[in-house]
Amino acid sequence: MKKMFTIAIDGPAGSGKSSTAKRVARKLGYLFIDTGAMYRAVTLLAIRTGNLENKQELLRLLSGSKIVLKPGKDGNIVFLNDEDITNAIRTEEINLNVSAISSIPEVRTELVRMQQEMGKAGGVVMEGRDIGSVVFPEADLKFFFTANVDERARRRLADLKESGSDISFEEVRKSIIRRDGLDSGREISPLNKTDDSIEIDTTSLTLEQQCDYIVDLVRKKEHTDE
Ligand code: DC
């Protein structure tokens, strides 16, 4: 029987990890898990209930809430207490607040537990900031994506424009730099490359090249691990 690997992809916003992970998962018949969507769901919960600043109340609400990711045609469909929030979590308001929410240790503990449960059977491509370091330190293959900031801002701008936003390039660029600083500088599970990760600079690569590179490595590993 073919071995089903656990593949971790970490990297900053706009580095191309989501689109790559999604496509690699489809090619391999693996489950794709977007862990950033889960931190975004908790941020939406905090905004809607007016608890961005009230950690205790947010944690109480989170323990009574259900965050579910289902495989969709184009990535994960995200549910918060059975409501489809896939589009609602992709706004600039969420972008501005998600780093603060994801630096709450108890939020991370709870979401990491859920992610480990979702991926424990293998056959997953999981992407985020701490997958190779905290969620699955024993992952079979670990990747760390990077890209220069202008290219990342350009990609994020295209996503936001597609969902109807009129935000400018400069605003997106600033927001990405701010989020980089918060995600890399936080005390708990900061974004950083583990020694056993393969770094891929996607600045001048196409999606196809990124996917082919990873899928080829998986195929080779399938043979060597037989
Ligand atoms: O990948 P993304 O931009 O959707 O992630 C949103 C935020 O969630 C990101 O700014 C940091 C946080 N995050 C995290 O702390 N750990 C993860 N595994 C995934 C995301």
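Table for the structure above
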quantity: Verdict on Glu110 being free of Cβ contacts under 8 Å to residues at least 60 places away in the same chain, touching a helix residue (DSSP H, G or I) at 6+ places or on another chain (Cβ under 7 Å), within 13 Å of the ligand (Cβ to nearest atom) and over 30 Å from Glu171 (Cα atoms); calculated: yes
quantity: Residues of region 55-69 classified as within 10 Å of Leu80 (Cα to Cα) and charged (D, E, K, R), total; calculated: 1
quantity: Leading residue by the ranking (nearest to Ala158 (Cα to Cα)) among those in region 179-188 that are touching a residue at least 40 places away in the same chain (Cβ under 8 Å) and out of contact with any Ser or Thr (no Cβ under 7 Å at 6 or more places or on another chain); calculated: Asp180
quantity: Boolean, Ile188 is modelled with pLDDT under 95, surrounded by fewer than 16 Cβ atoms within 10 Å (Cβ to Cβ) and within 13 Å of the ligand (Cβ to nearest atom); calculated: yes
quantity: Contacts under 8 angstrom Cβ, first residue in region 131-144 being of a type in the set (S, T, N, Q), partner at pLDDT below 95, 6 or more apart; calculated: Ser133/Ser189; Ser133/Asn192
quantity: Helices (runs of 4 or more DSSP H) lying entirely in region 1-104 (those with 3 or more residues that are of a type in the set (Gly, Ala, Ser)); calculated: 17-28, 35-48
quantity: Subset of region 132-185 [closer than 30 Å to Ala121 by Cβ and at pLDDT below 95]; calculated: Asp183
quantity: Test: residue in region 30-46 that is out of contact with any strand residue (DSSP E or B) (no Cβ under 7 Å at 6 or more places or on another chain) and free of Cβ contacts under 8 Å to residues at least 24 places away in the same chain; calculated: no
quantity: Odd one out for Gly75 among (1) within 15 Å of the ligand (Cβ to nearest atom); (2) without any contact (Cβ under 8 Å) to a residue 60 or more places away in the chain; (3) more than 15 Å from the chain's Cα centre (by Cα); calculated: (3)
quantity: The lone exception for Gly29 - which of (1) more than 26 Å from Ile167 (Cβ to Cβ); (2) within 16 Å of the ligand (Cβ to nearest atom); (3) not hydroxyl-bearing (Ser, Thr, Tyr) it fails; calculated: (2)
quantity: Qualifying position, being out of contact with any strand residue (DSSP E or B) (no Cβ under 7 Å at 6 or more places or on another chain) and within 16 Å of the ligand (Cβ to nearest atom), among Gly14, Gly50; calculated: Gly14
quantity: Tally of residues being over 11 Å from Gly16 (Cα atoms) and either in contact (Cβ under 8 Å) with a residue 60 or more places away in the chain or part of a loop (DSSP other than H, G, I, E, B) (or both) across region 205-226; calculated: 8
quantity: Per-region count, region 22-36, residues of a type outside the set (D, E, K, R) and closer than 17 Å to Gln116 by Cβ; calculated: 6
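The values are calculated or read from the model by the stated rules, or taken from the named source; none is laboratory data. For clarity, every value in this text was computed on a predicted model and none was experimentally measured. Ideal geometry is used to build each Cβ from the backbone, glycine not excepted, and the neighbour counts take in all protein chains shown.
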